[in-house]
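Scroll down for the structure; my scribbles are underneath it.
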Amino acid sequence: MYKEEDFNNEYVLQVAKKMCVAARTAPKARGTDNLVIRVCDKKDIAKISKQLVKDYKMTDGKEEFLLRDSKNILSANYLVLIATKNSPLGLNCGYCGFETCAMKNKTNKNIPCFFNSEDLGLAIGSAVSVCADARVDNRIMFSAGRAASRLNMVEGCIQCLAISLSAEAKNPFFDRK
């Protein structure tokens, strides 16, 4: 006889891996892949939680959601990090606020390229659709993604989002306080 609690964590990890594949294969502008994708275990999650507490303290306690999120992610079996490098595609769309990619790069290379951000969003959507299909609870969190980025878990990236994963009786990421 198999008990659900004996394989729950393994199942969530398998879903996390499928999410990574779904994110990787999501459509990308010009077919250019600038994504960095990682799965964080409990040890990594603890590091991100500590970084969120540091981030909270840097705001002099004004951004209380950082403290809430630092505690909330500890309920996750895993976190999936999906990030993008900043690599303008030379389309000169102007969505970044500059007339051309060259003007943006000359003024400030750290301003995200619209298409990199759009690709990140499509990857996130593909990844969480896997969660929905697998009935794994999740939440997309910019705060945990930013903390992971500050810890250099997604090297060379300027934007990162984290997706917390859990398969418990109640979704720990829904009624957060």
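Which residues make up the longest stretch of the chain that has no GluC sites (Glu not before Pro) in a DSSP loop with at most 16 other Cβ atoms within 10 Å? Spell out each step's value before the answer.
Details: sites that count: Glu63, Glu99, Glu155, Glu168.
Answer - 1-62.
So what does Phe98 come to for accessible area, using a 1.4 Å probe and Å² rounded to 10?
The value for Phe98 is about 50 Å².
Using only the heavy atoms of the protein chains and a 1.4 Å probe, how would Asp33, Asp119 rank by accessible area, largest first?
Order by accessible area, largest first: Asp33, Asp119.
Choose one answer from Cys113, Cys96, Cys157: the residue with the largest mean-square fluctuation in a GNM of the chain with alpha-carbon springs under 10 Å.
So, out of Cys113, Cys96, Cys157, the one fluctuating most is Cys96.
Applying the Karplus parametrisation 6.51 cos²θ - 1.76 cosθ + 1.60 with θ = phi - 60° to the phi angles of segment 91-106, what ³J(HN,Hα) value in whole Hz is obtained for each residue in order, glycine and proline being reported as x?
Coupling constants for segment 91-106: 8, 6, 6, x, 5, 7, x, 10, 5, 9, 4, 5, 5, 4, 5, 5 Hz.
For n ≥ 4 DSSP H runs only, could you compute -39500 (n - 2.57) per run for the chain, divide by its residues and tell me the 222 nm figure to the nearest 500? Display every interim value, and only then the final one.
On the way: 6 runs with 85 residues, N = 177.
After summing the helix terms and dividing by the residues of the chain, the value is -15500 deg cm²/dmol.
Mind checking the full-extension length gain between Arg68 and Glu118? Use 0.36 nm per residue of separation minus the Cα-Cα distance, one decimal, nm.
Working: separation 50, 0.36 × 50 = 18.00 nm, distance 2.78 nm.
That pair, Arg68 and Glu118, stretches by 15.2 nm at full extension.
So between Asn105 and Leu13, what do we pick up on full extension, going 0.36 nm a residue minus the alpha carbon distance? Kindly include the intermediate steps, with their values, before the conclusion.
Working: separation 92, 0.36 × 92 = 33.12 nm, distance 3.89 nm.
Difference between extended and current length: 29.2 nm.
Taking 0.36 nm per intervening residue step and subtracting the Cα-Cα distance, what contour gain separates Lys50 from Arg24 on full extension? It would help to have the intermediate numbers written out before the result.
Working: separation 26, 0.36 × 26 = 9.36 nm, distance 2.85 nm.
The Lys50-Arg24 span can extend by a further 6.5 nm.
Based on DSSP H assignment, which helices of the chain show an axial Cα extent of at least 27 Å together with a mean Kyte-Doolittle hydropathy greater than or equal to 0.0?
Within the chain the helices that satisfy the rule are 114-134.
Report the Stokes-Einstein translational diffusion coefficient (µm² s⁻¹, integer) for the chain, Rh taken as the Kirkwood radius over Cα pairs, at 25 °C with viscosity 0.890 mPa s. Write down the numbers at each step before the final one.
Values: Rh = 17.1 Å.
Once the numbers are plugged in, D ends up at 144 µm²/s.
So for segment 87-177, what percent of the C-alpha to C-alpha distances run longer than 22 Å?
Numbers: 1764 of 4095 pairs.
Beyond 22 Å sits 43 percent of the P(r) for segment 87-177.
Along the charge dipole of the chain, Cβ charges K/R +1 and D/E -1, which of Met1, Thr84, Cys40 sits furthest on the positive end?
Among Met1, Thr84, Cys40, the one farthest towards the positive end of the dipole of the chain is Thr84.
The values are calculated or read from the model by the stated rules, or taken from the named source; none is laboratory data. Bear in mind that the values here come from a model prediction, so they are computed numbers and not experimental data. Note that we place each Cβ from the backbone using ideal geometry, even for glycine, and neighbour counts take in every protein chain shown. Heads up: the accessible areas ignore ligands, DNA and RNA and are worked out on the full protein's heavy atoms, side chains in. Shrake-Rupley method; radii C 1.70, N 1.55, O 1.52, S 1.80 Å.
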